[in-house]
Amino acid sequence: MKITDPQILNNLKEKGLKKLLPGKPRIAVGMGNCGIGNGSQELYLAFSKILQKKKIDISLVKVGCFGFCSQDLHTRKTFNNSQ
């Protein structure tokens, strides 16, 4: 895609930021191979059960590798559009 107008670039930036920094709190659980091998699926399910039981409005998502296999398990928490 060739960007010929600054407004197009700004629109793409805003669209990307909404994915990275949503309007509500977000928990991303690293589900790469090492994460899964170290229990990230169980961690995700535990978060899911707690959030549902307490009716907490937080976006819980599965993501790929965070790149720190030696430090697994990984989560990334985002609150108020910051990390």
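Can you give the net charge of the other residues whose Cβ lies under 15 Å from the Cβ of ASN11, counting K and R as +1 and D and E as -1? Net of charged neighbours comes to +3. Basic side chains Lys and Arg get +1 at the Cβ, acidic Asp and Glu get -1 at the Cβ, and with that the dipole of the chain about its Cα centre reaches some 320 debye. Taking the longest Cα principal axis of the chain as reference, the axis of helix 40-53 is set at about 90 degrees.
Ignoring the sites themselves, the chain has its longest run without trypsin sites (Lys or Arg not before Pro) in a DSSP loop having at most 11 other Cβ atoms within 10 Å at 3-53. Computed from label points 7 Å out along Cα-Cβ, the spacing between CYS69 and LEU45 is 2.5 nm. Region 31-56 and region 10-26 have Cα centres spaced 23 Å apart. If you bin the C-alpha pair distances of the chain every 5 Å from 0, what whole percents do you get? Going from the shortest bin to the longest, the percentages are 3, 14, 19, 17, 16, 12, 9, 5, 4, 1. Can you check what the net charge comes to around CYS65, using other residues whose Cβ is under 13 Å from the Cβ of CYS65 (Lys, Arg +1; Asp, Glu -1)? Around CYS65, the surrounding residues sum to +1.
The mean sequence distance of close C-alpha pairs (under 8 Å, at least 6 residues apart), as a share of the length of the chain, puts its relative contact order at 43 percent.
Against the chain, whose longest principal axis comes from its Cα atoms, helix 6-20 is set at around 10 degrees.
Potential lengthening of the chain between LYS77 and ILE3 amounts to 23.4 nm, from the contour at 0.36 nm per residue minus the alpha-carbon distance.
Computed from the coordinates by the stated procedures, all read-outs in this text should not be read as laboratory data. Bear in mind the structure is a predicted one, so any value in this text is a computation, not a measurement. Because the Cβ atoms are built from the backbone with ideal geometry, glycine has one as well, and the counts that use them run over all protein chains shown.
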